[in-house]
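The values are calculated or read from the model by the stated rules, or taken from the named source; none is laboratory data. Keep in mind the model is a prediction, meaning the values are calculated, not measured. Here Cβ is always computed from backbone atoms with ideal geometry, including for glycine, and neighbour counts include all displayed protein chains.
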Amino acid sequence: MKKEPDQSIVIFDTTLRDGEQAPGYSMTLDEKLRMARQLERLGVDIIEAGFAAASPGDFESVLKIASELKNCTVCSLSRALPKDIDAAAEALSRAANPRIHTFLATSDLHLKYKLRMTHDRALEQIRDMVAYARNKCTDVEFSAEDATRTNPDFLCRAIETAIASGATTVNLPDTVGYATSEEIARMVTDIRSRVPNIDKAVISMHVHNDLGLAVANTLAGIIAGARQVECTIGGIGERAGNAALEEIVMGLKTRKDYYGLTNNVRTEEIARTARLLTSITGVKMFPSKAIVGANAFAHESGIHQHGVLKNAKTYEIMTPESVGVKKTDLVLGKHSGRHAFSERLKLLGFSLSEERTEELFLQFKHLADKKKTVTDRDITALAESEGMSESTNTPRYKLESFVVTSGNKMSATANVILTRGDQMFQDSAIATGPVYAAIRAVEKIIAHPFSLDDYHLNAVTEHRDALGEVTVKISDAYGSYRGRGVSTDVIEASILACLSAINKMLEGASLGSGAASKMQHSFENDMLSAGHTDKTNLNSKLPNP
């Protein structure tokens with residue numbers, strides 16, 4: 001008789017690995033560190049920091065995050081290959097609580113066409129590589145890629161082999177989001193009843209959202225006995241994404257009467273975590289996104305408004321405060337002092353250095369001179385903007401001043417002055433519009449050609465004096481870079497957003513592309529040696545090139 005599983009759910013966040021693989025969500029090292037710190041504050045149990053063998057950048061990210069975070073487990077993904085596992089172990093060498101997460105595809109489709117591997121050879125590789133990982137780390141997770149399309153008998157053998165070789169967690173991914181909830185529940189039940197050593201490992205779910213069932217299928221796995229869930233903030237990830245952390249956690253909390261399960265997530269940090277993700281990536285949440293969308297707690301219908309005013313429970317099954325959404329905006333003005341501003345930052349959940357707080361206070365005073373009132377949303381936008389005090393080996397461009405002339409009967413002209421360290425630079429440009437002219441002037445100053453691939457302008461608040469929030473994506477020969485800027489002047493916000501992206505671009509260019517190219521070539525060779533003989537679409541198979 002199998003013992004009943006624990007009543008606590010382990011939250012495994014893969015925003016920085018699977019989430020970052022999605023187009024448009026790539027992050028710099030500093031951005032990953034900011035996100036990792038917030039995930040730790042959120043209370044997730046495990047952070048999958050990256051795929052250490054995939055690139056020098058991923059290796060460095062895992063190494064830095066593992067070195068800094070002490071209150072959660074830090075994990076690196078690896079294929080079932082010695083070189084990958086060695087890279088993961090090295091990147092995790094400074095972690096207080098390391099985990100190596102190794103995987104091998106088990107479905108006949110993947111074994112035949114991708115790996116060109118027999119069942120017996122796959123079991124041998126699972127046995128050898130899980131044991132190899134266990135010799136380097138006591139906490140080892142094994143994933144049977146494409147588990148939901150794997151023959152049930154072979155899946156049970158694969159899981160039994162992984163556990164016997166030292167796996168402490170066994171993951172059953174619905175890699176392509178194909179399964180129904182009933183099939184997920186049946187698979188977990190089958191594993192629990194047929195694998196003789198299953199009591200020695202935790203069953204995990206990793207479900208993709210190709211058919212929109214990721215959260216429902218994850219919860220079906222939990223009901224059947226899985227006790228770890230792999231998820232991302234906002235559900236970001238490959239293709240249609242992953243199961244959304246906030247939806248799983250609030251589902252368990254809101255319907256505790258049904259699930260009877262607990263987890264360690266501090267739900268009051270959910271909204272702030274989602275805001276940070278959108279701030280870093282520049283990709284906005286869909287307004288109707290559950291839990292963290294702008295409309296999640298908004299009511300426009302008169303009937304709904306009447307009900308909520310009488311009793312919020314009529315149309316709200318959870319309170320906004322339970323996920324960190326503030327119902328009221330407390331106001332600061334131009335006469336407010338440093339202490340009041342600092343206390344407000346703490347109240348809003350920001351823990352910043354004295355240098356960064358002072359920098360934000362000066363920005364706040366500048367903003368307060370332009371606006372009658374400064375709301376919590378304004379302060380949050382300032383705090384989440386990228387400060388110039390970020391650690392970097394390359395001097396950063398800063399905006400000193402700009403002048404723009406424009407009209408409907410004339411071309412726009414912009415004169416921009418930038419500083420970089422102790423140097424000052426000035427140039428002018430003419431274009432069809434003021435923002436375009438300002439960006440062209442900036443491009444002339446930095447003398448590094450780039451293209452503007454994406455531009456978004458949003459108002460932070462509703463009033464006429466609202467902060468404008470601009471997010472941009474630029475690209476050069478080395479890659480794409482995102483930036484964000486806020487100001488009551490949309491042209492200034494546009495320049496600030498561009499400079500944020502430019503500084504990342506120039507820092508990347510100063511590092512050069514040789515190391516990344518060498519690592520990419522090595523990774524391609526490994527893919528081929530592991531059975532990927534078709535190079536036509538090889539780049540699409542890389543986890544995070």
One residue is enough: does the range 131-142 have a residue meeting the conditions acidic (D, E) and either part of a helix (DSSP H, G or I) or not assigned by TED's automatic domain parsing to the domain that holds G225 (or both)? no
Enumeration of residues in the range 143-190 that are closer than 13 Å to G221 by Cα and of a type outside the set (A, V, I, L, M, F, W, C): T148, N171, P173, D174, T180, S181, E182, E183, R186, T189, D190
What's the number of the condition V490 fails, among (1) touching a strand residue (DSSP E or B) at 6+ places or on another chain (Cβ under 7 Å); (2) free of Cβ contacts under 8 Å to residues at least 60 places away in the same chain; (3) farther than 27 Å from A368 by Cβ? (3)
Every residue in the range 361-384 that is outside any helix (DSSP H, G or I) and either crowded, with 22+ Cβ neighbours inside 10 Å or aliphatic (A, V, I, L, M) (or both), please. V374
Has the range 143-151 got at least one residue that is more than 32 Å from the chain's Cα centre (by Cα) and in a helix (DSSP H, G or I)? no
Sole residue being without any contact (Cβ under 8 Å) to a residue 60 or more places away in the chain and not small (G, A, S), chosen from E400, E469: E400
For the structure I just gave you, tell me whether S279 is of a type in the set (G, A, S) and either assigned to a loop (DSSP other than H, G, I, E, B) or free of Cβ contacts under 8 Å to residues at least 40 places away in the same chain (or both). no
For the range 455-483: of the residues being touching a Gly at 6+ places or on another chain (Cβ under 6 Å) and buried (at least 23 other Cβ atoms within 10 Å of the Cβ), which is nearest to V374 (Cα to Cα)? V470
Can you run down the residue pairs with Cβ atoms below 6 Å, 6 or more apart or on separate chains, where the first is in the range 195-215 and farther than 16 Å from I184 by Cβ and the partner is modelled with pLDDT of 95 or more and β-branched (V, I, T)? V195/I159; N197/I163; K200/I163; A201/I163; A201/T168; A201/T169; A201/V170; V202/T169
Do we find that T471 is in contact with a His (Cβ under 7 Å, 6 or more places away or on another chain), under 30 Å from K334 (Cα atoms) and assigned to a strand (DSSP E or B) in this structure? yes
Going by what's in this entry, would N242 be described as closer than 16 Å to F12 by Cβ, surrounded by fewer than 20 Cβ atoms within 10 Å (Cβ to Cβ) and in the same structural domain as L39 (by TED's automatic domain parsing)? no
Within the range 436-465, work out how many residues are part of a helix (DSSP H, G or I) and in contact with a Leu (Cβ under 8 Å, 6 or more places away or on another chain). 4
Between L276, L352, L332, L348, which is under 29 Å from G24 (Cβ atoms), of a type in the set (A, V, I, L, M) and at pLDDT below 80? L348
Examine the range 250-257 for a residue that is modelled with pLDDT of 90 or more, loosely packed, with under 13 Cβ neighbours inside 10 Å and in the same structural domain as L42 (by TED's automatic domain parsing), and state whether such a residue exists. yes
What's the total number of residues in the range 90-133 that are surrounded by fewer than 19 Cβ atoms within 10 Å (Cβ to Cβ), under 28 Å from the mean Cα position of the chain (by Cα) and among the charged types (D, E, K, R)? 2
Taking the range 35-52 as the search range and keeping residues that are outside any helix (DSSP H, G or I) and touching a Leu at 6+ places or on another chain (Cβ under 7 Å), which one is nearest to E269 (Cα to Cα)? I47
For the structure I just gave you, tell me whether A201 is modelled with pLDDT of 95 or more and more than 18 Å from R227 (Cβ to Cβ). no
